[in-house]
1. Inside the range 171-262, counting only helices (runs of 4 or more DSSP H) that do not spill past its ends, which hold 3 or more residues that are under 25 Å from residue 106 (Cα atoms)?
2. Quick one: in the range 132-143, of everything that is part of a loop (DSSP other than H, G, I, E, B) and modelled with pLDDT of 95 or more, which residue is surrounded by the most Cβ atoms within 10 Å (Cβ to Cβ)?
3. Any residue that is without any contact (Cβ under 8 Å) to a residue 40 or more places away in the chain, in the same structural domain as residue 134 (by TED's automatic domain parsing) and under 17 Å from residue 63 (Cβ atoms) - is there at least one of those in the range 38-45?
4. Which of the following residues is assigned to a loop (DSSP other than H, G, I, E, B) and closer than 30 Å to residue 200 by Cα: 50, 77?
5. Condition first: touching a residue at least 24 places away in the same chain (Cβ under 8 Å), touching a strand residue (DSSP E or B) at 6+ places or on another chain (Cβ under 6 Å), surrounded by fewer than 20 Cβ atoms within 10 Å (Cβ to Cβ) and under 27 Å from residue 221 (Cβ atoms). Can you find one or more residues in the range 117-125 that meet it?
6. Considering (1) out of contact with any helix residue (DSSP H, G or I) (no Cβ under 6 Å at 6 or more places or on another chain); (2) in contact (Cβ under 8 Å) with a residue 12 or more places away in the chain; (3) on the phi > 0 side of the Ramachandran plot, say which one residue 194 fails and leave the rest.
């Protein structure tokens with residue numbers, strides 16, 4: 001793996017992994033090194049059974065300011081193929097977070113701009129501070145939020161995206177909540193407690209079931225209902241027969257906690 005120094009800081013506490021973007025003086029902008037380090041970390045998570053929940057956040061006063069200015073200057077001289085490769089790297093990062101088998105909680109401690117909003121879109125649960133601002137600012141720079149668009153559209157839908165992609169305007173945390181980008185908006189001094197509460201709720205559910213839930217949502221969300229009949233029936237059948245399914249039902253009937261809550 002890449003050396004995470006000066007890019008990201010992963011900290012494991014119990015079975016909760018907090019991943020912090022670590023460029024606070026540059027508003028945690030997405031440098032190529034951060035993209036590589038984050039992608040490698042999230043690509044490795046399916047093989048880790050010591051992590052139940054991931055919290056993604058930024059050091060300092062910003063969550064993520066989007067593309068790194070030095071990288072943007074360099075991209076101006078890229079060939080077409082180099083720009084395609086750069087876009088694919090960002091897409092692969094978003095996909096790795098989006099498809100992470102463990103629940104991912106976004107701890108949005110400040111502004112999230114451009115690619116930073118892409119990261120927010122890939123989180124399963126998002127808690128943001130009231131002062132956080134968001135923007136799909138690409139159109140104001142003469143470009144477009146292309147590679148993050150599949151993840152953003154899945155989160156906020158095309159209606160909200162039409163306005164916000166086209167204007168590039170900044171919007172506050174309450175509007176982000178209204179369009180489904182953010183789930184919870186809290187005062188700054190309440191952020192850690194709110195994130196801890198969400199993590200605590202996630203730890204009450206069975207980890208294998210949560211992985212299947214994420215797969216279920218990705219598979220079913222945009223398919224015609226009738227086409228999901230066999231998939232959904234087979235999914236519940238497998239879960240009922242699984243060790244977790246049997247343990248959950250036994251614990252319920254025996255009025256005790258299942259193993260994952262102990």
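The values are calculated or read from the model by the stated rules, or taken from the named source; none is laboratory data. Here the structure is a predicted model, which means the values were calculated and not measured. Don't worry about glycine lacking a Cβ; one is built from the backbone with ideal geometry, like all the others, and counts go over all protein chains shown.
1. Working: elements: 173-178, 191-202, 207-220, 229-241, 243-253.
By residue number, 173-178, 191-202, 207-220.
2. Start the filter on the range 132-143 by keeping residues that are part of a loop (DSSP other than H, G, I, E, B), which leaves 132, 136, 142-143.
Add one more test, that the residue is modelled with pLDDT of 95 or more, and what stays is 132, 136.
Details: 132: 24, 136: 28.
Among residues in the range 132-143 that are part of a loop (DSSP other than H, G, I, E, B) and modelled with pLDDT of 95 or more, the one surrounded by the most Cβ atoms within 10 Å (Cβ to Cβ) is 136.
3. In the first step, residues of the range 38-45 are kept if they are without any contact (Cβ under 8 Å) to a residue 40 or more places away in the chain; the result is 40.
Okay, now just the ones that are also in the same structural domain as residue 134 (by TED's automatic domain parsing), so 40.
Remaining after also requiring under 17 Å from residue 63 (Cβ atoms): none.
Taking every residue of the range 38-45 in turn, none turns out to be without any contact (Cβ under 8 Å) to a residue 40 or more places away in the chain, in the same structural domain as residue 134 (by TED's automatic domain parsing) and under 17 Å from residue 63 (Cβ atoms).
4. Unique residue meeting the criteria: 50.
5. yes
6. It fails just one condition, (3).
Let's see how each residue does on (1) in contact with a strand residue (DSSP E or B) (Cβ under 6 Å, 6 or more places away or on another chain); (2) modelled with pLDDT of 95 or more; (3) part of a strand (DSSP E or B):
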position: 9; (1), (2), (3): yes, yes, yes
position: 25; (1), (2), (3): no, no, no
position: 43; (1), (2), (3): no, yes, no
position: 57; (1), (2), (3): yes, yes, yes
position: 87; (1), (2), (3): no, no, no
position: 106; (1), (2), (3): yes, yes, yes
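Residues are listed down the side, and each one gets a yes or a no for (1) in a loop (DSSP other than H, G, I, E, B); (2) over 30 Å from residue 260 (Cα atoms):
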| position | (1), (2) |
| --- | --- |
| 39 | no, no |
| 54 | no, no |
| 61 | yes, yes |
| 72 | no, yes |
